[in-house]
Amino acid sequence: MEKIIGKFQTKYLQILDEFGKCDEKNVPKFKKSAIKKLYEYMILTRAFDDKALKLQRQGRIGTFASTRGQEACQIGSALAIKKDDLIFPAFRENGVYLMRGMPMYKLFSYWAGDERGMIIPENVNLFPISITVGAHLPHAVGAAMSFKIQKKKAATMVFFGDGATSEGDFHESMNFAGVYKAPVVFICQNNQWAISVPVKEQTSSATIAQKAIAYGFEGIRVDGNDVFAVYRAVSDALKKARSGKGPTLIECFTYRISDHTTSDEAKKYRDESEVEVWKKKDPIDRLKKYMLKKGLFSDKYEKNVLTRAEKIVSEAVEKSEALKDIKAGEIFEYMYEKKTPDLIEQQKELNGGLK
Amino acid sequence: MAKLNLVEAINLALKQEMKKDGKIVLIGEDIGEDGGVFRVTEGLAKLYGNERVMDSPLAESGILGTSIGMAATGLKPISEVQFEGFLMPAFDQLISHASRIRNRSRGRFTAPMVLRCPIGGGIKALEHHSDSPEAYLIHTPGLKVVIPSNPYNAKGLMISAIRDPDPVIFFEPKKIYRAIKMEVPEKEYTVPIGKAHVVKKGDDVTIITYGAWVKTVREAVEKMSDVSVEIVDLRTLSPLDTTTIINSVKKTGKCVIVNEAQRTGGFAAEIIARINEKAFFNLEAPVERVTGYDIVVPLRKFENLYLPTHQKIINAVDKVMKNSGK
Ligand SMILES: Cc1ncc(C[n+]2csc(CCOP(=O)(O)OP(=O)(O)O)c2C)c(N)n1
Ligand SMILES: [Mg+2]
């Protein structure tokens with residue numbers, strides 16, 4: 001006997017299209033101030049990004065991974081999160097950090113290669129940057145399991161790219177999350193490239209979203225350049241998680257406008273015309289079009305927002321660069337709660353050698 | 001003869017061996033059209049096609065695990081892991097399988113494969129891009145570990161690695177990827193695996209080092225006018241050329257080891273143990289080691305505090321000289 005024992009579908013959500021046209025019945029119930037907040041944080045993220053790229057070219061920071069084009073994925077999700085939820089970013093989530101309340105100067109310090117930049121304030125519920133692709137996914141699932149065991153009404157949210165879905169850690173995390181019904185929201189920013197590898201060569205699945213089906217929970221693809229759709233999907237998934245109904249995978253379909261990092265040269269492997277197509281789908285322009293229609297936007301407002309963003313950014317750079325260097329011996333301080341005898345001896349050795 | 005850097009020399013070795021041996025395939029992240037993030041495989045996809053130069057999905061365990069399968073069934077895979085910090089997801093395949101397939105099957109299946117991987121700090125990079133994990137691999141029986149120190153031995157060692165019947169880890173010191181240009185013969189030659197090289201002869205102190213540090217040690221030695229230093233470049237870390245080490249130490253009676261990995265359980269300790277076993281009575285002073293500290297390598301801004309320096313090397317030489325009473 002042979003018969004069909006399962007049939008699957010994948011959902012797609014778009015609310016605001018690239019022309020600013022809006023599917024009104026699906027728009028989240030936003031206050032005007034919330035819409036402005038979305039816009040302002042996307043602008044701030046982009047201003048930060050532009051500045052970081054400049055600083056890198058001047059040698060004032062090191063290798064940097066740009067967020068350009070992915071602002072809606074990051075700001076839309078970050079708006080949906082509550083104070084007690086814990087976020088696990090990968091390495092491209094500058095917007096998430098900013099929206100969550102990480103002081104901007106710290107981000108500049110981090111990218112300049114100063115560990116103090118990743119000292120996250122106690123009241124900011126964020127994990128440090130994770131450079132190894134995919135490795136932080138199990139941490140997010142574990143934290144979600146922990147919240148569940150401790151009966152906390154909180155969820156976790158983990159960011160990663162399309163490339164990360166190839167790592168074993170992704171699959172193990174999805175499976176654990178399904179098995180333990182962990183209150184976790186997986187947010188894959190499918191920007192269609194993992195350095196030089198296009199997503200079509202990364203996986204044979206038609207979508208990333210459908211991978212959730214195999215692990216027994218829901219996956220959805222959203223237009224990742226549509227901040228309303230991202231917010232909507234993420235806030236629904238977080239509500240579901242917090243009410244004990246388990247994990248969700250959200251694939252934000254978007255595009256990496258910049259090079260992979262400042263060490264990369266995308267021209268080498270990627271057609272510029274593809275980038276042009278995606279620039280037209282810009283998440284910020286789209287929201288602006290919507291706000292114009294709704295009378296929430298004026299030239300004066302735009303100018304104010306831009307000026308304010310630039311001011312915040314330049315003050316952050318100043319503050320970051322004014323930071324005094326650490327004392328040499330400090331590099332030994334964070335390996336254990338208490339320095340071991342070996343570390344004490346090596347610290348002395350370094351200090352002695354510096355004289 | 002052309003003057004090449006390390007990147008170009010390895011590229012040349014790959015290109016020539018691939019031309020000779022159709023069983024060689026390359027697999028790794030971004031090694032195709034992009035030519036690898038350090039451009040070591042530049043142009044090879046164009047020359048040999050995507051079937052022999054495979055841009056893999058982003059999965060190191062997948063890369064190494066499938067390499068074992070390919071190697072066991074007639075191909076010669078040369079894989080690339082983009083940075084040493086990303087070897088860790090592949091450790092199960094390396095430590096538990098690549099190294100053991102021969103033993104487990106009593107020789108019926110083997111894994112003649114090469115894993116290429118950049119190693120070490122000094123390029124002011126992000127976390128996991130400045131590490132030196134060689135000791136984990138040297139500690140694993142069944143793996144060979146080599147590390148060139150210049151473009152000439154890079155090409156020769158790569159050809160030996162490709163032709164070796166066992167799994168070879170080929171570490172590429174990224175600090176010197178483009179820092180040294182030298183004449184590299186176009187014609188085929190090999191540098192044998194398992195043989196150290198005395199880079200500079202001397203009588204007072206032996207400095208043992210490898211990879212990027214051969215260059216730094218040479219520079220430091222040039223600053224020391226009053227001591228005659230012999231420099232040994234190990235080139236292969238496993239199997240180790242104990243004979244060359246012992247002969248040199250017996251001659252000089254003093255030894256300093258320079259490597260950048262964390263100190264505890266590091267490779268310098270193994271070398272000291274062998275000197276202790278085979279040349280203890282020739283020693284005129286305790287062996288010194290200049291290594292990294294037992295900490296996570298600091299990021300860009302403070303990385304230099306961690307790494308060996310000319311001064312640290314000179315201080316160590318001074319110390320053994322003083323301890324020997326000379
Ligand atoms: C385990 C691991 N392997 C390789 C790398 C090198 N690397 C850094 S980012 C990247 C591509 C990531 O692609 P994706 O997951 O799509 O994220 P994106 O860069 O597009 O945000 C690679 C291969 C790494 N950081 N970690
Ligand atoms: Mg990607």
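The values are calculated or read from the model by the stated rules, or taken from the named source; none is laboratory data. Just so you know, these numbers come straight off a predicted model, no measurement behind them. Counting neighbours? That spans all protein chains shown, and the Cβs are built from the backbone with ideal geometry, glycine included.
On inspection, B:Ile313 qualifies as surrounded by 19 or more Cβ atoms within 10 Å (Cβ to Cβ), farther than 30 Å from A:Trp111 by Cα and not assigned by TED's automatic domain parsing to the domain that holds B:Ile147. The set of residues in the stretch B:296-315 that are under 18 Å from B:Ile123 (Cα atoms), facing chain A (nearest Cβ under 9 Å) and in a helix (DSSP H, G or I) comprises B:Arg300, B:Lys301, B:Phe302, B:Glu303, B:Leu305, B:Tyr306. Looking at this structure, is B:Ser56 surrounded by fewer than 20 Cβ atoms within 10 Å (Cβ to Cβ) and in contact with a helix residue (DSSP H, G or I) (Cβ under 8 Å, 6 or more places away or on another chain)? No.
Within the stretch A:1-25, if we keep just the residues that are in contact (Cβ under 8 Å) with a residue 24 or more places away in the chain and not in a loop (DSSP other than H, G, I, E, B), the residue that is surrounded by the most Cβ atoms within 10 Å (Cβ to Cβ) turns out to be A:Leu16. Scanning the stretch B:270-295 for residues that are within 14 Å of chain A (Cβ to nearest Cβ) and within 20 Å of the chain's Cα centre (by Cα) yields a count of 5. The residue of the stretch A:166-195 that is nearest to ligand 2 (Cβ to nearest atom), among those that are more than 21 Å from A:Ser66 (Cβ to Cβ) and among the β-branched types (Val, Ile, Thr), is A:Val185. One residue stands out among those in the stretch A:169-194 that are assigned to a helix (DSSP H, G or I) and within 12 Å of ligand 1 (Cβ to nearest atom): the one that is surrounded by the most Cβ atoms within 10 Å (Cβ to Cβ), which is A:Phe170.
Conditions tested, residue by residue: (1) within 14 Å of chain B (Cβ to nearest Cβ); (2) over 34 Å from the mean Cα position of the chain (by Cα); (3) of a type in the set (Gly, Ala, Ser).
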site	(1), (2), (3)
A:Val305	no, no, no
A:Val313	no, no, no
A:Val317	no, no, no
A:Ser320	yes, no, yes
A:Gln347	yes, yes, no
A:Gly353	yes, yes, yes
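Of all residue pairs spaced 6 or more apart or on separate chains, those with beta-carbon atoms under 9 Å, a first member in the stretch B:20-37 that is facing chain A (nearest Cβ under 9 Å) and a second member that is within 11 Å of ligand 1 (Cβ to nearest atom) and among the aromatic types (Phe, Trp, Tyr) are B:Glu29/B:Phe86; B:Val37/B:Phe83. Within the stretch A:196-217, can you find the residues that are more than 13 Å from ligand 2 (Cβ to nearest atom) and either out of contact with any Gly (no Cβ under 7 Å at 6 or more places or on another chain) or more than 22 Å from A:Tyr12 (Cβ to Cβ) (or both)? Those that are more than 13 Å from ligand 2 (Cβ to nearest atom) and either out of contact with any Gly (no Cβ under 7 Å at 6 or more places or on another chain) or more than 22 Å from A:Tyr12 (Cβ to Cβ) (or both): A:Ser204, A:Ser205, A:Ala206, A:Thr207, A:Ala214. Within the stretch B:286-308, the residues that satisfy the criterion of being closer than 27 Å to B:Val249 by Cα, out of contact with any strand residue (DSSP E or B) (no Cβ under 7 Å at 6 or more places or on another chain) and in contact (Cβ under 8 Å) with a residue 40 or more places away in the chain are B:Gly292, B:Leu307.
Within the stretch B:40-64, the residues that satisfy the criterion of being within 13 Å of chain A (Cβ to nearest Cβ), over 22 Å from the mean Cα position of the chain (by Cα) and away from ligand 2 (no atom under 16 Å from the Cβ) are B:Gly43, B:Ala45, B:Lys46, B:Asn50, B:Val53, B:Met54, B:Gly62. Listed here are the strands (runs of 3 or more DSSP E) enclosed by the stretch B:126-237 that have at least 3 residues being touching a residue at least 12 places away in the same chain (Cβ under 8 Å) and within 30 Å of B:Phe109 (Cβ to Cβ): B:144-146, B:168-173. Scanning the stretch A:195-217 for residues that are more than 13 Å from ligand 1 (Cβ to nearest atom), outside any loop (DSSP other than H, G, I, E, B) and within 14 Å of another protein chain (Cβ to nearest Cβ) yields one hit, A:Lys211.
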